[in-house]
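The values are calculated or read from the model by the stated rules, or taken from the named source; none is laboratory data. It should be emphasised that the depicted structure is a prediction, and the values quoted were computed from it without experimental measurement. Cβ: placed from backbone, ideal geometry, glycine included. Neighbour counts: every protein chain shown. Accessible surface is based on the protein model in full, side chains and every heavy atom, while ligands, DNA and RNA are left aside. Shrake-Rupley method; radii C 1.70, N 1.55, O 1.52, S 1.80 Å.
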Amino acid sequence: MNQPIKVEKTMTINKPAAELYRFWHNFENLPHFMKHLKSVKVQDAKRSHWVASAPLDGSIEWDADITEDRENELIAWKSVAGADVDNAGFIQFKPAPNNNGTEVKVVTEYNPPAGVIGAAIAKLFGEAPEQQIGDDLRRFKMLMETGEVATTEGQSRGSK
Amino acid sequence: MKAVCWEGANKVEVKTVPDPKIINPRDAIIKITSTAICGSDLHLYDGFNPTMKPGDILGHEFMGEIVELGSGVKDGNPRNNGEPLAVGDRVVVPFTIACGSCFFCNRTLWSLCDNSNPNAWMVEKVMGHSPAGLFGYSHLTGGYAGGQAEYARVPFADTGLFKIPDGLTDEQVLFLTDIFPTGYMAAENCDIQPGDTVAIWGCGPVGQFAIRSAYMLGADRVIAIDRVPERLQMAKEQGKAEILNYEEVDVGEALKEMTGGRGPDSVMDAVGMEAHGMGLEGMYDKVMQAARLETDRPNVLRQAIVACRKGGTVSVPGVYTGFIDKMPMGAFMNKGLTMKTGQTHLHRYLRPLLERVQNGDIDPSFVITHRLPLDAAPEAYEIFKHKKDNCIKVVLKP
Ligand SMILES: NC(=O)c1ccc[n+]([C@@H]2O[C@H](COP(=O)([O-])OP(=O)(O)OC[C@H]3O[C@@H](n4cnc5c(N)ncnc54)[C@H](O)[C@@H]3O)[C@@H](O)[C@H]2O)c1
Ligand SMILES: [Zn+2]
Ligand SMILES: [Zn+2]
């Protein structure tokens, strides 16, 4: 049995909960800031289809259902039976003290099946799944607060 | 284009590299007309920052002309008096990169911007939280290509570009990008009260502006400390400071004598992590640093804390990046001192100080001793580092 991988990360974003909730609620927005996601297609109010990149130019896919939805407070999702990788997660929005934006907490959990895919998933997250989710959340924060994600990729430099 | 690239400790090269291009919607591209070398660049040049990579473009004090604006650059920055930016505008660029909309930017703590360092994770491991991204200042603060080049990309251009009115030369406004505001904020951090004496360690460019600023903010006396004759002379003649050569006198004793035994009301470390240490203590730090048991040499900080009068303020514009040893915490605590520090909140000071330049309160070009073409950068770094030829500040012309 593989151990489930569970990671969580909290960040304060200087925007009202309603705005953050609305953006995240459209799962098709997620690949803008979640680096390992290739695409998410929303199929109906509940179900969506997710495609993530995997090592060696591969990809893994699954369907997910929204399992809980509290406006401006929380969105939870879970992969349906037959997913390449069993996974679930939720995002929670809590007003920060003194109207200083919103405390956003993301929790995700993966249940890699035994064998190849399990190894692939571990690789997908590199050494530090915490960092991956932290980086995704930071990019979400940058996008919401500034309209873009700070980067130096593609800038000029004196050697490769 | 041509750009000054870091190639290893004590090695920079002028290389031909691709021209910068717009990457994000709020970017601008600047054609650089003047750029300077800073004491902060020396920490990188000397090889004290492990996150430099060969090929990194250096430079964080630069100005020029807008040649391209991204589609998302917003109009009406109040710091530009609400005027929109346009191609052809002459601008200066603060060395701290700030988004203009996060918690910290909203509180004018611009150098602490939450959103400008793409490598924030790297810093968080060491410092807990990440400061703003900086131009040309290692991968720890974003790895942004710097401005010792013919062109530069400026992110968050609507927040980070300041228009310069006609009638002022490059040399009069170039130092609004860093050292004039840095000296000014450091003086403000001294919390100067009427009658106060401020002691400033380091008569480099930052120290020179700190001296001028301390008087602007009402200091009664400024005492400046260094060992380089021409720097001390500038502090005395241009800055009207009293001076101490730390190689000739015991600085702590001298300061006491000069202040009726009380010590200076505030003290400033305008030297930072590469302070030159004297005697046994200096040797101790050299050994510790070589053995990587200590990353920064805090000789000045120690001396300043011990010299400061009881209840006084310690202002630290000098840069530290890692750990120090033998911090006189007992003196700091028992004398009830306050410490204020940080990378400068450039965007807060830029326009008010520009107005001082316009009013003729100060002409910042007084620190310039060397004007060289960009191609001469390798030589310019050597001259500035070793204070050859009475060098105080170098401006490079692309
Ligand atoms: N906080 C900021 O935002 C900010 C911005 C710019 C520069 N800085 C820092 O400010 C510091 C000074 O910058 P600079 O451009 O003037 O550098 P610089 O290297 O030209 O000047 C440093 C001066 O300190 C003197 N010095 C060395 N050891 C000393 C000692 N023990 N006692 C007294 N003086 C001593 C040197 O002789 C030299 O004149 C650097 O650490 C730089 O990184 C900070
Ligand atoms: Zn500088
Ligand atoms: Zn910001």
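Details
- Condition check for B:Lys74: over 21 Å from the mean Cα position of the chain (by Cα), within 16 Å of ligand 3 (Cβ to nearest atom) and either β-branched (Val, Ile, Thr) or at pLDDT below 95 (or both): yes
- Test set (1) in contact with a Lys or Arg (Cβ under 7 Å, 6 or more places away or on another chain); (2) surrounded by fewer than 24 Cβ atoms within 10 Å (Cβ to Cβ) - B:Glu248 fails condition number: (1)
- Filtered residue count, segment B:189-212, keeping only those that are touching a Cys at 6+ places or on another chain (Cβ under 9 Å) and either over 23 Å from B:Gly277 (Cα atoms) or away from ligand 1 (no atom under 12 Å from the Cβ) (or both): 2
- Helices (runs of 4 or more DSSP H) enclosed by segment B:326-398 - at least 2 residues per element that are open to solvent by 30 Å² or more (accessible area, probe 1.4 Å) and within 16 Å of ligand 2 (Cβ to nearest atom): none
- Given (1) open to solvent by 20 Å² or more (accessible area, probe 1.4 Å); (2) more than 8 Å from chain A (Cβ to nearest Cβ); (3) modelled with pLDDT of 95 or more, index of the condition B:Pro118 fails: (2)
- Contacts under 7 angstrom Cβ, first residue in segment A:130-151 being at the interface with chain B (Cβ under 7 Å from one of its Cβ atoms), partner surrounded by fewer than 19 Cβ atoms within 10 Å (Cβ to Cβ) and part of a helix (DSSP H, G or I), 6 or more apart: A:Gln131/B:Trp121; A:Gly134/B:Trp121; A:Asp135/B:Trp121
- Condition check for B:Arg231: within 8 Å of ligand 1 (Cβ to nearest atom) and basic (Lys, Arg): yes
- Flag for B:Val126 being assigned by TED's automatic domain parsing to the domain that holds B:Tyr349 and either within 16 Å of ligand 2 (Cβ to nearest atom) or within 16 Å of B:Ala157 (Cα to Cα) (or both): no
- Qualifying position, being away from ligand 3 (no atom under 16 Å from the Cβ) and under 26 Å from B:Gly272 (Cα atoms), among B:Gly55, B:Gly82: B:Gly55
- Filtered residues of segment B:15-46 (kept if over 22 Å from the mean Cα position of the chain (by Cα) and open to solvent by 40 Å² or more (accessible area, probe 1.4 Å)): B:Lys15, B:Thr16, B:Pro18, B:Asp19, B:Lys21, B:Ile22, B:Ile23, B:Pro25, B:Lys31
- Residue in segment B:348-379 that is nearest to the other protein chains (Cβ to nearest Cβ), counting only those that are within 13 Å of ligand 1 (Cβ to nearest atom) and farther than 17 Å from B:Thr177 by Cβ: B:His370
- Of A:Glu28, A:Glu8, A:Glu68, all but one fail to be loosely packed, with under 13 Cβ neighbours inside 10 Å and within 14 Å of the chain's Cα centre (by Cα); the exception is A:Glu28.
- The set of residues in segment B:217-256 being touching an Asp or Glu at 6+ places or on another chain (Cβ under 8 Å) and among the β-branched types (Val, Ile, Thr) consists of B:Val222, B:Ile223, B:Ile243.
- In segment B:85-109, the residues that are among the aromatic types (Phe, Trp, Tyr) form Cβ pairs under 6 Å with partners that are open to solvent by 30 Å² or more (accessible area, probe 1.4 Å) and near ligand 3 (Cβ under 10 Å from one of its atoms), at six or more places apart or across chains, as follows: B:Phe103/A:Asn14; B:Phe104/B:Leu112; B:Phe104/B:Asp114.
- Matching residues in segment B:129-139 - criterion: being within 16 Å of ligand 2 (Cβ to nearest atom) and not in a loop (DSSP other than H, G, I, E, B): B:Gly133, B:Leu134, B:Phe135
- Among the numbered conditions (1) out of contact with any strand residue (DSSP E or B) (no Cβ under 6 Å at 6 or more places or on another chain); (2) surrounded by 15 or more Cβ atoms within 10 Å (Cβ to Cβ); (3) at pLDDT 95 or above; (4) not assigned by TED's automatic domain parsing to the domain that holds B:Asp170, the only one that B:Thr321 does not meet is (3).
- B:Leu112 vs. criteria open to solvent by 40 Å² or more (accessible area, probe 1.4 Å) and either within 21 Å of the chain's Cα centre (by Cα) or outside the structural domain of B:Ile30 (by TED's automatic domain parsing) (or both): yes
- Here A:Glu19 fits the description: open to solvent by 40 Å² or more (accessible area, probe 1.4 Å), assigned to a helix (DSSP H, G or I) and touching a residue at least 24 places away in the same chain (Cβ under 8 Å).
- Filter result for B:Gly146 (of a type outside the set (S, T, N, Q), farther than 30 Å from B:Tyr215 by Cα and within 16 Å of ligand 2 (Cβ to nearest atom)): yes
- Qualifying residue in segment B:76-94 (condition: aliphatic (A, V, I, L, M), out of contact with any Pro (no Cβ under 6 Å at 6 or more places or on another chain) and within 14 Å of chain A (Cβ to nearest Cβ)): no
- Whichever residue in segment B:47-57 is away from chain A (no Cβ under 14 Å) and touching a residue at least 60 places away in the same chain (Cβ under 8 Å) and, among such residues, is least open to solvent (accessible area, probe 1.4 Å): B:Asn49
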